[in-house]
Amino acid sequence: NDPRFSEQWHYYNDGSKSGMSAGCDINVVPVWEKYTAGSPDVIVSIVDGGIQLDHPDLKDVVMPAGSNGSKSFVDGYKGYTIYPHDHGTHVAGTVGGVNNNGVGVCGIAGGSDGKGGVKLVSCAVFKDNPSNPDEDISGDTYNAMIWGADRGAVISQNSWGYVYKSAAEAKAGSVGAMKAAIDYFIEYAGCDSNGNESPDSPMKGGVVIFAAGNDSWPDGWPAEYGPCVAVGSCGADYKRAYYSNYGDCVDICAPGGYANKGYEVLSTVTGSKYAK
């Protein structure tokens, strides 16, 4: 009963809109119907801009800021003030926006009873730069990933990557310092302090997901690091989005925004709003 679900072509695409191909979606509706729409036993770490914690479609599933919940890793990485960020809030809504609450949009794992599905922990590594609206202020991605693992997350969602000036520079790149943090998440997410599976966790060890990158070249880091799941972007017509990185580093493609063709992904944004 989410009023804007019909606009979320990336979940259900019947091909009725111009430029779209029927079936070019993530085929999630049968999963909701036959298997699961998301369980609160699963915690997803959103390593990105800060989530708007009180957004109407997210407030019931985002862990509050504090020593056992969401945390900012910007501005010295010392506080629990989460600065709401459009991109981070948009990602959060796509993952876990509450389903069947009569409000806004659906999340992929947003549950089915109006109470929410997966839980989200905001590990904020970007915030808006008041001096330059075209650039973010960045934070400590390494410790943000560790924090998520230590707060019960078993999935680490990262829609960001390293910035390079050329394809050649990206080809010569590497996972760098993030390797140890990624390895830590994969091995120790879902574990207690002794490295054993936590009784509250659905699994032992974690999954780290990275965007392949938006530079339209064959390499992107940290996504290219083998143990990560690197996700490229296709439009609503089964064709690669013009900006998406591609090649051997990409493990899977998912429907993404393609403004040049008139369709983008709708989700939650700051100000308790929704946008593409």
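The values are calculated or read from the model by the stated rules, or taken from the named source; none is laboratory data. As the structure is a prediction and not an experimental result, all values here were calculated from the model. So basically every Cβ, Gly included, is an ideal-geometry build from the backbone, and we count neighbours across all protein chains shown. The area values use the complete protein model at the heavy-atom level, side chains included, leaving out ligands, DNA and RNA. Shrake-Rupley method; radii C 1.70, N 1.55, O 1.52, S 1.80 Å.
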Quiz prompt | DSSP bridge pairs, the chain: antiparallel proportion in percent, nearest 5 | solution = 25 percent
Exercise. Report the antiparallel proportion of the DSSP beta bridges in region 218-276 as a percent, rounded to a multiple of 5.
Key: 55 percent
Practice problem: Kindly report, to the nearest 10 Å², the accessible surface of residue 31 as traced by a 1.4 Å probe over protein heavy atoms only. | Solution: 60 Å²
Quiz item: Computed over the Cα atoms, what is the radius of gyration of the chain divided by 2.2 N^0.38 Å, N being its residue count?
Solution: 0.96
Quiz item: Helix-derived [θ] at 222 nm for the chain: sum -39500 (n - 2.57) over DSSP H runs of at least 4, divide by residue count, nearest 500?
Solution: -4500 deg cm²/dmol
Practice problem: Grab the other residues whose beta carbon is less than 15 angstrom from that of residue 153, score K and R as +1, D and E as -1, and report the net. | Solution: -3
Quiz prompt | Mean Cα-pair separation over length for region 32-180, i.e. relative contact order, pairs under 8 Å, 6 or more apart, % | solution = 31 percent
Practice problem: Output ³J(HN,Hα) for region 265-276: one whole-Hz value per residue in order, computed from phi by the Karplus curve 6.51 cos²θ - 1.76 cosθ + 1.60 with θ = phi - 60°, and x for Gly and Pro. | Solution: 8, 8, 7, 6, 9, 5, x, 6, 10, 9, 7, 9
Quiz item: Residues with amide H under 5 Å of residue 207's amide H, sequence separation 5 or more or different chain, H placed in the peptide plane at 1.01 Å from N; which?
Solution: 155, 156
Quiz item: For region 115-220, what is the percent of antiparallel DSSP beta bridges, rounded to the nearest 5?
Solution: 50 percent
Exercise. Using a/c under 1.5 as the rounded threshold, could you call region 225-276 rounded, prolate or oblate? The axes a ≥ b ≥ c are square roots of the C-alpha gyration tensor eigenvalues, and prolate needs a/b larger than b/c, oblate otherwise.
Key: oblate
Exercise. Kindly write out, for region 100-107 in residue order, the coupling ³J(HN,Hα) from the Karplus curve 6.51 cos²θ - 1.76 cosθ + 1.60 (θ = phi - 60°), rounded to whole Hz, with x marking Gly and Pro.
Key: 6, 10, x, 10, x, 10, 9, x
Quiz item: Which whole-number percent gives the relative contact order of region 195-276, counting Cα pairs below 8 Å spaced six or more residues apart?
Solution: 23 percent
Self-check item: Distribution of pairwise C-alpha distances over region 22-121, 5 Å bins, in %
Solution: 3, 14, 24, 23, 16, 10, 6, 3, 1, 0
Practice problem: Can you sort 261, 17, 127 by 1.4 Å-probe accessible area, starting with the largest? | Solution: 17, 261, 127
Quiz item: Say R0 is 35 Å: what FRET efficiency, to the nearest 0.05, do residue 17 and residue 113 get from their beta-carbon distance?
Solution: 0.75
Self-check item: Heavy-atom accessible area order for 145, 203, largest first, 1.4 Å probe
Solution: 203, 145
Quiz item: So, with a 1.4 angstrom probe, what is the percent of accessible area on region 68-178 that is carbon and sulfur?
Solution: 51 percent
Practice problem: Provide the solvent-accessible area of residue 238, counting protein heavy atoms only and rolling a 1.4 Å probe, rounded to the nearest 10 Å². | Solution: 140 Å²
Quiz item: So for 46, 186, what's the accessible-area order with a 1.4 Å probe, most first?
Solution: 186, 46
Exercise. Please compute the net charge surrounding residue 176, taking Lys and Arg as +1 and Asp and Glu as -1 over other residues with Cβ under 14 Å from its Cβ.
Key: -4
Quiz item: When ligands, DNA and RNA are left out and all protein chains stay put, how many square angstrom of accessible area per residue does region 197-276 have with a 1.4 Å probe?
Solution: 47 Å²
Exercise. For the chain, calculate the relative contact order in percent as a whole number, restricting contacts to Cα pairs under 8 Å that are 6 or more residues apart.
Key: 20 percent
Practice problem: Could you tally the net charge around residue 249, taking each other residue with its Cβ under 11 Å from the Cβ of residue 249, Lys/Arg +1 and Asp/Glu -1? | Solution: -3
Quiz item: Roughly how many Å² of residue 224 are accessible to a 1.4 Å probe, to the nearest 10?
Solution: 50 Å²
